[in-house]
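Read the figures in this text as sums done on the coordinates, not as results from a lab. Since the model is a prediction, treat every value here as computed from it, not as a measurement. All Cβ positions, glycine included, derive from the backbone under ideal geometry; neighbour counts span all protein chains shown.
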Amino acid sequence: MMLEKTFFRGGQIMVGEVGFCDWRPWSERTELEGKNLPGVYFIARSKKKPDNYRVNNDFIIYIGETTGQTLADRLRQFNTSAFSERPGHSGGNTFRLTLLETTPLEHLWVSACPVDMGQPYTTAYIKHLERKLLWEYVCTWGRYPDCNRS
């Protein structure tokens, strides 16, 4: 899903595209497009590949962001916390404690929205997008995704 965004930078209007990459099985998370950038990411639990990127679907179990490290690093931390008892990612810890026993690995999916607008725009946009998506999820379901606390 690509979104055209208009924003101001240094007094000039800029138009660019940001969007979520195709859903990947969790086992292929290291192959995500833009994995070496910061951004926002979805983790989903579904028997089949999710067919969209809307937060009104209950297959989304986590909405996360990273601004100070790459998406690849943050997803590695989720994996470490989810599948071992090592800390590093609260969403991964929550997954391990609540969903691991009932979720086969082949039912986990990931999609990411890498962002590269230059600073301070990249960080501000990532924070905005994650909070916007969480807001939409909460408005739809009346709760946070299963592995998000807030």
**Prompt:** Which trypsin sites (Lys or Arg not before Pro) does region 16-74 hold that lie in a coil by DSSP with at most 12 other beta carbons within 10 Å?
**Reply:** Lys47, Lys48
**Message:** Which GluC sites (Glu not before Pro) in region 28-92 sit in a loop by DSSP (not H, G, I, E or B) and have at most 10 other Cβ atoms within 10 Å of their own Cβ?
**Reply:** Glu85
**Item:** For the chain, size of Cβ-based charge dipole, Lys and Arg +1, Asp and Glu -1, in debye
**Value:** 280
**Asked** At q = 0.12, 0.21, 0.28, 0.29 Å⁻¹, what base-10 log of I(q)/I(0) does the Debye formula yield for region 46-113 when every alpha carbon is treated as an equal point scatterer in vacuo?
**Response** -0.32, -0.98, -1.40, -1.42
**Message:** From Cα pairs below 8 angstrom and at least 6 apart in sequence, can you work out the relative contact order of the chain, rounded to a whole percent?
**Reply:** 30
**Asked** Along the charge dipole of the chain, Cβ charges K/R +1 and D/E -1, which of Val110, Thr70, Thr123 sits furthest on the positive end?
**Response** Thr123
**Fill in**
Debye calc, one equal point scatterer per Cα of region 20-141, no solvent, log10 I(q)/I(0) at q = 0.14, 0.16, 0.17 1/Å comes to -0.55, -0.73, -0.83
**Complete:** In nm², the average projected area of the convex hull spanned by the Cα atoms of region 96-145 is 5.0
**Item:** Distant-in-sequence amide H partners of Gly19 (H built 1.01 Å from N, under 5 Å)
**Value:** Leu3
**Request:** Would you please give the residues with an amide H less than 5 Å from that of Met117, counting only those at least 5 places away or on a separate chain, with H modeled from the backbone geometry?
**Result:** Thr122
